[in-house]
1. Below 14 angstrom from the Cβ of G55, what's the summed charge of the other residues (Lys, Arg +1; Asp, Glu -1)?
2. What nm distance separates the two modelled labels at S17 and S112, each placed 7 Å from Cα along Cα→Cβ?
3. May I ask you to compute the full-extension gain from T58 to S71, defined as 0.36 nm times their residue separation minus their alpha-carbon distance, rounded to one decimal in nm?
4. What residues from the stretch 6-47 fall in the zone where the backbone N is under 16 Å from a label point 7 Å along the Cα-to-C-beta line of N85?
5. Add +1 for every Lys or Arg and -1 for every Asp or Glu among the other residues with Cβ under 15 Å from the Cβ of L20, and state the total.
6. For the pair T101/T121, report the inter-label distance in nm, with labels modelled 7 Å from Cα in the Cβ direction.
7. Give the residue from T118, L18, L4 lying farthest towards the positive end of the charge dipole for the stretch 1-122; charges sit on Cβ (+1 for Lys and Arg, -1 for Asp and Glu) and the dipole is referred to the Cα centre.
8. Using protein chains only and a probe of 1.4 angstrom, how many square angstrom of E46 are accessible, to the nearest 10?
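The values are calculated or read from the model by the stated rules, or taken from the named source; none is laboratory data. Keep in mind that what you see is a predicted model, and the values were worked out from it rather than measured. As a convention, Cβ positions derive from the backbone with ideal geometry for all residues, glycine included, and neighbour counts pool all protein chains shown. Heads up: the accessible areas ignore ligands, DNA and RNA and are worked out on the full protein's heavy atoms, side chains in. Shrake-Rupley method; radii C 1.70, N 1.55, O 1.52, S 1.80 Å.
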Amino acid sequence: QVQLVESGGGLVQAGGSLTLSCAASGRTFSRTAMGWFRQAPGKEREFVSAITWSGGITYYAESVKGRFTISRNNARNTVYLQMNNLKPEDTAVYYCAAGSTIVAPTTTAKVSYWGQGTQVTVSS
C-alpha cells in the first residue's frame, strides 16, 4: 500500500510560479516511477509529467514542456513539480500518481496509486 499526500497548491497570478510536493509512504518509493496529472472542471484527468525511479528520465505533456520541471528526492520519499510561467489554462486539481518500477505513469491506466489532489488556480 502506498499513500500519497500533495501540498503546495494555491492561487497565483499568470506568469507566477508554484512548487507542488508529494510525500509518499512505503519503503518502495525509491524504486517507483512517479508522476503528476491534473483535472480541470468538466474535463478529463490529463497527464502532466512523470519521472523514473532513478530520476534519470523525465516525461512532459507538450502543454507544459519548458515551463514545468519534475524532480524527486528518494531520501525524503518526495516528488516535486516546479511550475513556472503559469497560465490560466493551468488551473486544475493536480494529482500525484505512482506507477511501478518499470512503468512510468504517463497515462491513467498506468497509475497504481493516486493522491487526494491539490488545487492550483491561476488568475489572469
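1. Within the 14 Å Cβ shell, the charges total +3.
2. Result: 3.3 nm between the two label points.
3. Extra length from T58 to S71 when fully extended: 3.8 nm.
4. 14-18
5. Local charge sum for L20: +2.
6. 4.3 nm
7. So the residue furthest toward the plus end is L4.
8. E46 exposes around 80 Å² with every protein chain in place.
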